[in-house]
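In what follows, a single structure is set out as structure tokens and then discussed.
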Amino acid sequence: MYFLNIVKDLLPRRIRLFLTALRNVGNAILLRRGIGNTLRGVWQTVALSLREIVPSKQTAVTCNLCSWEGAAFYPNFAPSYFERDCTCPQCGAIARYRSLLVLLRIRTDCFHSGRLMLEIAPTDFFQNYCLRHKAKEYLSIDPSRPAILKGNIACLPFKGSAFDYVICLHVFGYVRDDYRAASEVSRVLKPRGVAIVQVAIDCSLEKSVEHLFPDRYDCGHIRRYSESDFERLWRGCGFHVQAVSVDDLLPVAVVRRYRLDHKPFLIATKVR
Ligand SMILES: [Zn+2]
């Protein structure tokens with residue numbers, strides 16, 4: 001599996017998008033669910049690839065991670081979700097990471113020299129961006145590739161107060177002991193350090209829903225958070241929390257140009 005991942009990483013991004021699309025078709029057939037989503041995704045991927053063959057001076061979208069410009073982003077899809085106009089065909093960045101970059105650039109100084117950043121469960125495209133801009137001041141950790149270090153959020157292999165920033169997107173929905181994980185994030189952050197976190201939230205829920213086993217119909221989540229429970233988790237671990245969306249930071253036209261994701265991030269500042 002490790003070897004296959006290395007081979008996959010060497011392939012051009014567009015080929016990788018096609019392979020992911022085909023894998024999703026296979027998953028949809030196995031699950032007998034979301035076949036419409038995946039076929040729509042494959043069709044849009046093929047159509048946009050063909051459209052790119054004819055160069056055009058008119059561009060509608062720009063990727064803020066790699067500066068790619070084009071008529072539209074590719075879809076991001078799996079049997080249980082479909083996001084149109086989302087994935088950059090050049091670097092692979094999806095909309096939530098373009099939004100994350102806007103948030104980090106506008107609301108934090110994490111790209112300044114001397115600021116140490118840890119990303120938990122990184123994506124290759126965002127990690128590559130950080131390494132280009134921060135080099136020795138960025139670390140990532142996960143049990144699998146593409147992280148720089150192997151490790152688990154429940155037991156981070158760092159001494160206390162090591163980092164200025166921790167980035168952790170869409171991890172807590174997969175973590176059984178979320179209080180322990182948030183406490184670990186707190187432990188490795190310096191005083192007044194900041195965690196930028198995001199999970200899939202169901203705003204219709206008053207209380208989070210826990211599954212006994214990973215829900216294969218919900219991307220393998222073991223928990224679907226309510227908005228208040230997720231904020232309460234971080235407050236309980238000694239953070240001041242603030243939910244911020246890119247809509248609060250940029251004009252509508254810019255949000256549209258970058259096709260940013262509107263869902264809020266939680267900015268959790270360590271206060272004790
Ligand atoms: Zn890009």
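Of all residues in the range 78-117, those being in contact with a His (Cβ under 9 Å, 6 or more places away or on another chain), in a helix (DSSP H, G or I) and away from the ligand (no atom under 16 Å from the Cβ) number 0.
A quick yes/no check of all residues on (1) without any contact (Cβ under 8 Å) to a residue 12 or more places away in the chain; (2) within 16 Å of the ligand (Cβ to nearest atom):
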position	(1), (2)
Asn37	no, no
Arg40	no, no
Trp43	yes, no
Leu48	no, yes
Val54	yes, no
Cys66	no, yes
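A single entry from Tyr129, Tyr138 fulfils the requirement of being among the hydroxyl-bearing types (Ser, Thr, Tyr), surrounded by 18 or more Cβ atoms within 10 Å (Cβ to Cβ) and more than 13 Å from the ligand (Cβ to nearest atom): Tyr138. The residues of the range 226-272 that are farther than 27 Å from Arg192 by Cβ and assigned to a helix (DSSP H, G or I), listed by number, are Val252, Ala253, Val254, Val255, Arg256, Arg257.
When Tyr81 is tested against (1) aromatic (Phe, Trp, Tyr); (2) touching a residue at least 60 places away in the same chain (Cβ under 8 Å); (3) more than 22 Å from Asp218 (Cα to Cα), only condition (3) is not met. Here Asp261 meets the list (1) surrounded by 14 or more Cβ atoms within 10 Å (Cβ to Cβ); (2) without any contact (Cβ under 8 Å) to a residue 24 or more places away in the chain almost entirely, failing just condition (2). Could you please let me know if Ile120 is within 16 Å of the ligand (Cβ to nearest atom) and either assigned by TED's automatic domain parsing to the domain that holds Gly238 or at pLDDT 95 or above (or both)? No; evaluated as a whole, the condition is false for this residue.
When the range 28-51 is filtered for residues that are within 15 Å of Tyr217 (Cβ to Cβ) and surrounded by 17 or more Cβ atoms within 10 Å (Cβ to Cβ), the ones remaining, listed by number, are Ala28, Gly34, Asn37, Thr38. Checking each residue in the range 69-78 for being surrounded by 21 or more Cβ atoms within 10 Å (Cβ to Cβ) and touching a residue at least 60 places away in the same chain (Cβ under 8 Å) picks out only Phe73.
The values are calculated or read from the model by the stated rules, or taken from the named source; none is laboratory data. On a predicted model such as this, the values are computed, not experimentally measured, just so you know. A quick note on method: Cβ atoms are made from the backbone with ideal geometry, for glycine too, and the neighbour counts reach across all protein chains shown.
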